[in-house]
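The values are calculated or read from the model by the stated rules, or taken from the named source; none is laboratory data. Source: prediction; values computed, not measured. Here the Cβ positions follow ideal geometry from the backbone for every residue, glycine too, while neighbour counts run over all protein chains shown. Heads up: the accessible areas ignore ligands, DNA and RNA and are worked out on the full protein's heavy atoms, side chains in. Shrake-Rupley method; radii C 1.70, N 1.55, O 1.52, S 1.80 Å.
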Amino acid sequence: MSKAETTIEVRDLTKYYGDFQALRGISFDVHRGEIVGFLGPNGAGKSTTMKILTCYMAATTGTAKVMNIDVTTDSIAVRARIGYLPESVPLYDQMVVFDYLDHLAELRGVPSSKREAAVTHAVEVCGLGPVVAKKIDELSKGYRQRVGLAQALVHSPDVLILDEPTSGLDPNQIVDIRELIRSIGKEKTVLLSTHILQEIEVLCDRVILINGGTVVADGNFDELYAAYPAAERNLEKLFRLLTASTGAPKAVAPKAAAPADAGKYLPPESSAAPSTESSES
């Protein structure tokens, strides 16, 4: 199979919170049609990386591009090409599902002439037909998660970044969301972060494992198990093998460069500025 289009490109990315270095020069690429598991222990830098890719915060140094667009110099254009499902999706509980998705489509620049079709497509893809006329606060956890996926898809982005997409779901709901992610991943790029290693094994074509702010492994399962035979072809053992405490020293931080268009636009997933705390999931 020929190499697909590069949709995410990260080069030498660093991030400091005060004198704490959360990212230590990470680099990786992701391609169209890939579902990539983004793994690491708490505090490894996963959430920081995803916040940089989704333009919620600036890196300190290094570059990140989505669809060859720099997240720092043209963050609004990047936001138009990505869909983001955070671990806890802030939904407008008093809105009807269809109206909520229509509102999000408008905020993300979908033309009024195309919005109804875009919302209808997202509803169909995410299996929301039975609840499309209900208020969000009447929905089960599984359907709320589907609404979260629909809002990430409604503007037809090229890249989806999903943080714990099956968190809190029952086994039947998990199977449904897995199938949905598989279907989406045939045409889109999916970067999937979760602590549920079984989800990675079932869904992902490839794994990027980070620890202490650095990439410690990157490859498909056969490549990783060949490189680390002590893992005995077991993802949990591989994870434990590669994520021992680094005890990395602190360093003086250079000043971070803010995005050129900082303050012009806040992603509709959140009505508040993102946290810059150093601990993360």
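Observations on the structure shown:
- Residues of the range 18-42 that are more than 18 Å from D218 (Cα to Cα) and open to solvent by less than 30 Å² (accessible area, probe 1.4 Å): Q21, A22.
- Tallying residues that are polar (S, T, N, Q) and open to solvent by less than 40 Å² (accessible area, probe 1.4 Å) within the range 196-211 yields 1.
- Qualifying residue in the range 212-223 (condition: at negative phi, buried (at least 17 other Cβ atoms within 10 Å of the Cβ) and part of a helix (DSSP H, G or I)): yes
- Within the option set S167, S193, being among the hydroxyl-bearing types (S, T, Y), open to solvent by less than 10 Å² (accessible area, probe 1.4 Å) and touching a residue at least 60 places away in the same chain (Cβ under 8 Å) holds for one residue only, S193.
- So T49, is it over 26 Å from I200 (Cα atoms) and in contact (Cβ under 8 Å) with a residue 12 or more places away in the chain: no
- Residue within the range 7-15 that is hydroxyl-bearing (S, T, Y) and open to solvent by less than 40 Å² (accessible area, probe 1.4 Å) present: yes
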